[in-house]
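For reference, the structure is listed below as structure tokens.
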Amino acid sequence: MVFLNLPKIAMAVAAGIFAVALQAAEPLGKAEVESALNAAYAKYKTLQEGANADYIPALAKVDPDIYGIALVTPDGKIYTTGDVKSEVSIQSISKVFTMALVMEESGPGSIYDNMGVDATGQVFNSIVAVEQYKGAEMNPLVNAGAITATSMVKGSSREEIWEKILQYYNDFAGRELSVNKEVFDSEAATNQRNQAIAQLMYAYGHIKDNPARATDIYTEQCSVNVNAKDLAVMAVTLANGGRNPLTGKQVMKNENVAEVLAVMATAGLYDDSGKWLYHTGLPAKSGVGGGIIAVSPGRFGIAVISPPLDPAGNSVRAQKAIADISNALGGNPYEVTPAR
Ligand code: GLN
């Protein structure tokens, strides 16, 4: 009996190994991606929830009906639906890439040591969160940490620092991005709260000098214009170990990518990051311009743009559409089929 069953066992084991191998390597099929994108697009197109950010006056004027979805795979396939031409300001999504730049220049420990990588449990521009631990126990994806990260980018002049940041973003997007001047001017005229946050981070020694300049450069980095496809290419560069699959350029060190993704998982959607991770398992980052990027490591980068936000500052349609699409495509890295 035992002898007779052996081939069956061997076959089952072989089939199991085969299934696991398939699960790991199986590329996403065109039809399944297109149908997931189209279904999510249609389902939320008429959803009327949330409101444009209006604490930056220029953002209140952006067309709330802009709605575009893009997904890019590590082998460079691009899928889009809806409006992928309209550009919005990148806003807080920029924080991910400035964080990566600082880690490239000064080592991953530079971020970890100077501000920390913990969720604050507070709104993204919280002053209480700075006060609580004197600017530590923070992270580079909320304003205090992000302005501090911008202050850490090396360069001998404002211009040199700015050029380096923009070039870095360009490498992630695979094209030359530009600044939305109206948004930049509008936020620069109304960002007293961020100026105060930067002064506090300076007072507590996290920003070493010139907090006003750091805030100004941070405001400009938030004003970079992107469309849904740009954001998806930036996201897939993270999904692909730091290499942009469209240009082939290794944009950031492979060994820093996992740490950037970990901080995105912890704090990418501010004080709603836990809920988001619970539902999707995806490292992600939102911006008050209405964009969200999410990363399924090794599988895809996805982005949705839709300006109306929920009270935490995250795009309503983008959260719903990304969650649906990722769930349809098996994007949650924590979901594993038992081997036996
Ligand atoms: N520039 C915006 C700010 O500093 C970015 C905030 C965001 O996207 N959550 O307030």
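The values are calculated or read from the model by the stated rules, or taken from the named source; none is laboratory data. Note that the structure is a prediction, hence the values are computed from the model and not measured. Every residue, glycine among them, receives a Cβ derived from its backbone with ideal geometry; neighbour counts consider all protein chains shown. Note: areas computed on protein heavy atoms with side chains; ligands, DNA, RNA excluded. Shrake-Rupley method; radii C 1.70, N 1.55, O 1.52, S 1.80 Å.
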Quiz item: Quick one: would you say residue 74 is away from the ligand (no atom under 16 Å from the Cβ) and not small (Gly, Ala, Ser)?
Solution: yes
Exercise. Residues that are of a type in the set (S, T, N, Q): find the helices (runs of 4 or more DSSP H) completely inside the range 28-124 holding 3 or more of those.
Key: 94-106
Self-check item: Sole residue being assigned to a helix (DSSP H, G or I), over 29 Å from residue 229 (Cα atoms) and within 15 Å of the ligand (Cβ to nearest atom), chosen from 147, 197
Solution: 197
Exercise. Being of a type outside the set (Gly, Ala, Ser), more than 16 Å from the ligand (Cβ to nearest atom) and part of a helix (DSSP H, G or I) narrows it down to one of 171, 209, so name that one.
Key: 171
Quiz prompt | Filter result for residue 242 (more than 13 Å from the ligand (Cβ to nearest atom), modelled with pLDDT of 95 or more, open to solvent by less than 10 Å² (accessible area, probe 1.4 Å) and out of contact with any Cys (no Cβ under 9 Å at 6 or more places or on another chain)) | solution = yes
